[in-house]
Amino acid sequence: MTRHLILHVGSPKCGSTYLQRVMVANRARLAEEGIVYPDPGTSHPGNGLRLLDITGEGMDGMFGNAHTVILSHEDLISMGPRMGHLPEACAAAQAAMTVLVFLRPFSEFIYGDYSQYMKQNFDRYLEEGRAYEGQSFEEFAVTRRSQVTPLAWLKAWQKTTPTPLRIAQHRQIRTTLEDLAGKVPIQWEVETSRANPSLRVADCEDIAHAIAGGLPRSKIRDMFKLAFTKTGLSDHGKTMERTKWLEALFKVQNDNIREVFQFENLRAA
């Protein structure tokens, strides 16, 4: 029996929570088909960080009698340099490995990232009296451009496997997983609130301005709670001009990914 490790490493804000929620909800059904999604063991639905110190014996035990193991965690995207032990562990378990990456146009990524920073740091922002370290949305985007290094991340992961990385758009999660693991009859629908939907950029900016303006904390907390109920509404923080500017800001990164990995990450016209 050929074993196959499908290792999803991100990127963040590219449907990772959705993928993980689907896998967790369907663990029993997948197991019936010889596919294991190991129990995450925490409130986070991702399970891939266990690879940081895995041995060949640990890899073999994770497979058991299964032919396929699926591991996923978006934080792995920048950890390629720490994964030099994976080829040896996979060889010991007689398993082939596919490293899977989902990407999205950088304008969409930054919009989602802006939301994630607000969600993760809201209490600190409120305590400090300023959000995003006092940066405007545009300043935030420029800062993130210097921190987000997708080409380096992808190159580091490519060194862990002799086969090409599998890179796909974030909207192709289902078709990509079905191509790699087979069309197992599982439930692919996930309640929107459990898929980590992004807050609207407009709401995040309003909250940031309210914090900077000294609005009472109780009212700002109400604004924050209300923002979660408006994720499906039109977002006037995402203007055509802002989107074009973001795509231009990340042009070099897009060009590099296209040249090295033959993957087109531009936003559809």
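The values are calculated or read from the model by the stated rules, or taken from the named source; none is laboratory data. Everything numeric in this text was worked out from a predicted model, so none of it was measured. For neighbour counting, all protein chains shown are included, and Cβ atoms are generated from backbone atoms with ideal geometry for every residue, glycine included.
Couple of notes before you dig in:
- Flag not set for ASP255, criterion: over 25 Å from the mean Cα position of the chain (by Cα) and modelled with pLDDT of 95 or more.
- Yes/no for ALA95 being in contact with a strand residue (DSSP E or B) (Cβ under 6 Å, 6 or more places away or on another chain), modelled with pLDDT of 95 or more and among the small types (Gly, Ala, Ser): yes
- Checking each residue in the stretch 1-32 for being out of contact with any strand residue (DSSP E or B) (no Cβ under 8 Å at 6 or more places or on another chain) and part of a loop (DSSP other than H, G, I, E, B) picks out MET1, PRO12, LYS13, ASN26.
- Criterion: in contact with a helix residue (DSSP H, G or I) (Cβ under 6 Å, 6 or more places away or on another chain), surrounded by fewer than 18 Cβ atoms within 10 Å (Cβ to Cβ), of a type in the set (Gly, Ala, Ser) and without any contact (Cβ under 8 Å) to a residue 60 or more places away in the chain - qualifying residue of ALA31, ALA92: ALA92
- Which listed residue, of ARG194, ARG174, is in contact with a helix residue (DSSP H, G or I) (Cβ under 9 Å, 6 or more places away or on another chain), within 25 Å of GLU33 (Cα to Cα) and assigned to a helix (DSSP H, G or I): ARG174
- Test result for ARG174, at pLDDT 95 or above, among the charged types (D, E, K, R) and touching a Gly at 6+ places or on another chain (Cβ under 8 Å): no
- The stretch 11-23, residues that are more than 11 Å from LEU71 (Cβ to Cβ) and in contact with a Phe, Trp or Tyr (Cβ under 7 Å, 6 or more places away or on another chain): SER11, LYS13, CYS14, GLY15, VAL22
- Of the residues making up the stretch 53-86, those that are in contact (Cβ under 8 Å) with a residue 40 or more places away in the chain, farther than 21 Å from LYS159 by Cα and either assigned to a helix (DSSP H, G or I) or β-branched (Val, Ile, Thr) (or both) are PHE63, THR68.
- Total residues in the stretch 220-262, condition within 18 Å of GLU108 (Cβ to Cβ), outside any helix (DSSP H, G or I) and hydrophobic (A, V, I, L, M, F, W, C): 2
- Selection status of ILE167, over 23 Å from SER115 (Cα atoms), surrounded by 11 or more Cβ atoms within 10 Å (Cβ to Cβ), at pLDDT 95 or above and among the β-branched types (Val, Ile, Thr): yes
- Any hit, the stretch 91-107, residues being assigned to a helix (DSSP H, G or I) and under 30 Å from HIS209 (Cα atoms): yes
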